[in-house]
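Here's the structure, in structure tokens; my notes come after.
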């Protein structure tokens with residue numbers, strides 16, 4: 001059975017075992033998102049047992065919408081659902097997409113919890129390298145499920161850098177190590193306590209840097225505190241750098257923390273970014289590359305051996321920092337599909353040209369045809 005709930009009438013909300021505190025805050029009756037968007041929660045149940053959950057979301061502030069684009073997020077599919085209830089999962093998706101279509105959405109993006117500030121993406125390529133803190137993405141079973149009826153719209157990766165000596169030599173050869181000085185900037189270290197004591201400054205800087213990212217959507221300072229406060233408090237061996245102009249204005253940042261389960265001392269470079277006015281200056285003047293170089297060098301002096309460049313989008317400049325001297329340990333994808341109009345796979349060989357991906361065609365039929373098309377290639 002599929003149940004549909006508005007946030008205000010989900011039974012026993014505060015005691016739902018399938019929801020953590022942050023999910024309750026975002027999906028519950030007091031969610032700040034209800035003031036600017038729409039939320040509907042759908043669940044697949046069997047005899048009162050919850051098997052799977054998904055939320056259909058409409059965020060009017062979401063960027064990169066060529067057409068009105070809804071989202072599917074807050075996924076929770078049980079092992080039993082994956083193994084024994086595929087038809088039920090398909091029906092769950094059908095219901096949630098129908099709800100979005102009925103409210104004027106033309107496309108759907110998944111998995112995404114409102115905006116890239118929160119959890120999004122599913123693992124599309126895995127490895128036996130230990131999962132690291134902050135890698136809050138869905139496992140590869142979701143990626144395989146999405147790929148039966150959606151197409152990737154964003155690909156991301158995490159890279160492990162073990163041979164950092166070659167990377168350092170290349171940075172010096174290209175004068176990346178001098179880029180900040182050449183631009184009149186200073187690079188200063190920031191402690192965990194300094195960030196927690198001045199979160200407004202870091203929020204303001206991030207809010208200027210990251211609107212350039214795909215699928216960005218703004219959040220309030222209160223949400224930022226709720227989201228990043230616990231991360232900053234508990235991240236092991238937090239380390240950060242800020243790039244400042246001569247007058248003190250911050251223009252770039254990088255931060256990360258130790259991987260607690262790596263075999264050797266490894267730092268996870270979680271976020272790096274600079275203001276738009278300092279981008280596109282070439283390698284020798286790249287402040288983002290300089291911040292990354294300084295992050296590596298200062299932590300190497302503290303005994304770090306390896307680095308992970310985490311969750312970086314594959315088609316932007318940050319990827320280039322990892323390509324030459326790193327190996328990919330994980331890949332992640334964000335997916336999208338049309339709710340009306342051409343089915344995403346209609347250009348595949350041997351797929352009938354009249355096939356459409358619309359709410360009027362059962363999703364089970366579309367998935368079967370997509371699988372048949374793949375086997376036919």
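Descriptive notes on the structure:
- Rounded to 0.05, the FRET efficiency of the residue 261 and residue 208 pair, given R0 = 41 Å and the Cβ-Cβ distance, is 0.75.
- Segment residue 233-residue 6, extension gain: residue separation times 0.36 nm, minus the distance between their alpha carbons: 78.4 nm
- At R0 = 22 Å, FRET efficiency that the Cβ-Cβ distance of residue 277 and residue 186 yields, to 0.05: 0.85
- The gain in end-to-end length when the residue 49 to residue 87 segment is fully stretched comes to 12.0 nm, 0.36 nm per residue minus the alpha carbon separation.
- The protection proxy used here, the mean number of other Cβ atoms lying within 10 Å of each residue, ranks peptides 330-337, 293-300 as follows, highest first: 330-337, 293-300.
- Gyration tensor verdict on region 115-158 (Cα atoms; rounded if a/c is under 1.5, prolate if a/b is larger than b/c, oblate otherwise): oblate
- In this structure, residue 178 and residue 98 have a Cβ-Cβ separation that, at R0 = 41 Å, corresponds to a calculated FRET efficiency of about 0.10.
- From most to least packed by mean Cβ count within 10 Å, the peptides 212-219, 257-264 give 212-219, 257-264.
- Relative contact order for region 159-331, counting Cα pairs under 8 Å that sit 6 or more residues apart, in percent: 33 percent
- Extension gain, residue 126 back to residue 66 (0.36 nm per residue minus Cα-Cα distance, nm): 18.5 nm
- Region 76-148: relative contact order in percent, alpha carbon pairs under 8 Å with at least 6 residues between: 20 percent
- Separation of the residue 169 and residue 301 label points, Cα + 7 Å toward Cβ, nm: 2.2 nm
- Spatial offset of region 90-128 relative to region 134-205 amounts to 24 Å, using the alpha carbon center of each.
Laboratory data are not the source of any read-out in this text; all were calculated from the coordinates shown. Source: prediction; values computed, not measured. Counting neighbours? That spans all protein chains shown, and the Cβs are built from the backbone with ideal geometry, glycine included.
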